[in-house]
1. Among residues belonging to segment 312-346 that are outside any loop (DSSP other than H, G, I, E, B) and of a type in the set (S, T, N, Q), point out the one that is surrounded by the fewest Cβ atoms within 10 Å (Cβ to Cβ).
2. Just a yes or no: is a residue in segment 376-387 without any contact (Cβ under 8 Å) to a residue 24 or more places away in the chain, surrounded by fewer than 18 Cβ atoms within 10 Å (Cβ to Cβ) and at negative phi?
3. Which ones in segment 143-153 are surrounded by fewer than 19 Cβ atoms within 10 Å (Cβ to Cβ) and under 16 Å from ASP262 (Cα atoms)?
4. Have a look at GLY408, GLY397, GLY377, GLY426 and point out the one that is under 24 Å from VAL326 (Cα atoms) and modelled with pLDDT under 95.
5. With in contact (Cβ under 8 Å) with a residue 40 or more places away in the chain, touching a strand residue (DSSP E or B) at 6+ places or on another chain (Cβ under 7 Å), within 21 Å of GLU297 (Cα to Cα) and not polar (S, T, N, Q) as the only criterion, which of GLY340, GLY325 stands out?
6. What number goes with the only condition from (1) under 12 Å from ASP182 (Cα atoms); (2) at pLDDT 95 or above that GLY238 does not pass?
7. Can you tell me which residue among VAL435, VAL401, VAL415 is touching a Phe, Trp or Tyr at 6+ places or on another chain (Cβ under 8 Å) and surrounded by 22 or more Cβ atoms within 10 Å (Cβ to Cβ)?
8. Which of the residues spanning segment 288-304 are farther than 10 Å from GLY325 by Cβ and either part of a loop (DSSP other than H, G, I, E, B) or in contact with a Gly (Cβ under 6 Å, 6 or more places away or on another chain) (or both)?
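The values are calculated or read from the model by the stated rules, or taken from the named source; none is laboratory data. All values reported here derive from a predicted model rather than from experimental measurement. When we count neighbours, we look across all protein chains shown, and the Cβ atoms used for this are built from the backbone with ideal geometry, even at glycine.
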Amino acid sequence: MPVPTATAGAFTCDGVERNNFCCSSGCRQCGGSNCSKQEQSGLTGEDCCQNRITASGRLCSVTREAPCYMDGGDSPAPAPPTPTPTPSPTAPSSSPWAAPASSAYGGIPAVIPGMVQAEKFDHGGEGVSYSDTTPGNSGGVFRPNEDVDISGGHDDYHVAWIRATEFLRYTVNVEKAASAFDFTFQVATIPSYHDSGSFRVVTGGTGCDDYTSDLSGLVVVPSTGGWGTFASLPVSGGGNNGLGVGRATLWLCIVSSHFNLDSFTMEAVLPPTPSPSHEEEAFGGIPAVIPGTIQAEDFDSGGEGVGYSDTDTPNNGGAYRLEEGVDISAMESQNAYNVGWTRPGEFLRYTVTVEEAASAFDFRFQVAAPPAYHNSGSFHVVTGGTGCDDFTTDLSGLVTVPSTGGWGSFASLSVSNKGTGGLSYGHAKIWLCVVSKGFNIDSFTMTATA
């Protein structure tokens, strides 16, 4: 093949000039990520794409017509790129979703857990970092040389004109692994498209047609009142997997049209807190044994709403468990305490080990009350359910406290055959539920009813 000879005289581009390339006059843009979509009738990719012109070796000093590289007549044309072996595709080449490797927008991957701005999809262009069914950026802002349709302004952009089978790809850096993620999407659509648009966020594989994990599940977009009226759309528990620590690639896959997307936030779904063992819940790690005696002040660990409920914050007695809100007083006997200042709605919970099952139990309570509160204070001991407002068995029945002569004058109060059931062998939780005020309690003993 003969070597082309440069023709004398300066060349003037009569087409579309950019970066020393002269593209054919029918091209709306010379080069750039959209060059293959700029073609007009009768043109090919060689007319509008700089890399294709470079590969063809067309010099303007030789051809004297577009498309060509404007070499000035004495400068060599840029060397055609060295062919790179194409790896075997892992998805069918006909798939509109297939996406080879790309780089994070701005070179900085979004951090997960965290927020991803929809318009900051990866670099790489059509078929790589996104797929858009129409040429050009219909919104004309933020990334005007891409085909993704972006609207907005003043550093507040969103992706719009969304159509089925389109996708956006995001390279992210996962700083906290999770087996599942909760999402919050900022979306907008009009009433006539209520529940019309839908999408999902996936990872793994090669893209939307060949992913390994559906992180979000199918997300259906309700009406927000208008195209520009963005609202939060929380999605929890819809996915089938999570992400490990490190670099990952996400695809936002459009299933059906008609919504705008501003951003999405991903937060790790925390695993349920394991239920504490009976030993962890019981005060001191040792459940009380039934039949046996329970010291009132040795209620369960766990704090307000768990081990107890008290209507005021401080420990009014200032003794024994100072960090708790239950009112505990010291008694005259060394290392002996009682619970006082009892109020309606308060409770004490006890984790116990039942070593002798019984269908009913007799009780003996050590209580105190002054004459002014004779038969005023009352309570009962229950089990099952979640507590005093939701129990299944009233073990003691309602117990009314008579006067014992004073707040510090403790006496035994026996109760028998007033309950509605008993306890099975093993661990159990029982609640002492205060019905009305006016008594102090030191302890109670449970024995199987004969």
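1. Per the criteria, the residue is SER329.
2. Yes, some residue in segment 376-387 is without any contact (Cβ under 8 Å) to a residue 24 or more places away in the chain, surrounded by fewer than 18 Cβ atoms within 10 Å (Cβ to Cβ) and at negative phi.
3. Selection gives GLY152, GLY153.
4. None of the others qualify; the one that does is GLY408.
5. Among GLY340, GLY325, only GLY340 is in contact (Cβ under 8 Å) with a residue 40 or more places away in the chain, touching a strand residue (DSSP E or B) at 6+ places or on another chain (Cβ under 7 Å), within 21 Å of GLU297 (Cα to Cα) and not polar (S, T, N, Q).
6. Condition (2) is where GLY238 drops out.
7. Exactly one residue qualifies, and that residue is VAL401.
8. Correct list: PRO291, ALA296, GLU297, ASP298, PHE299, ASP300, SER301, GLY302.
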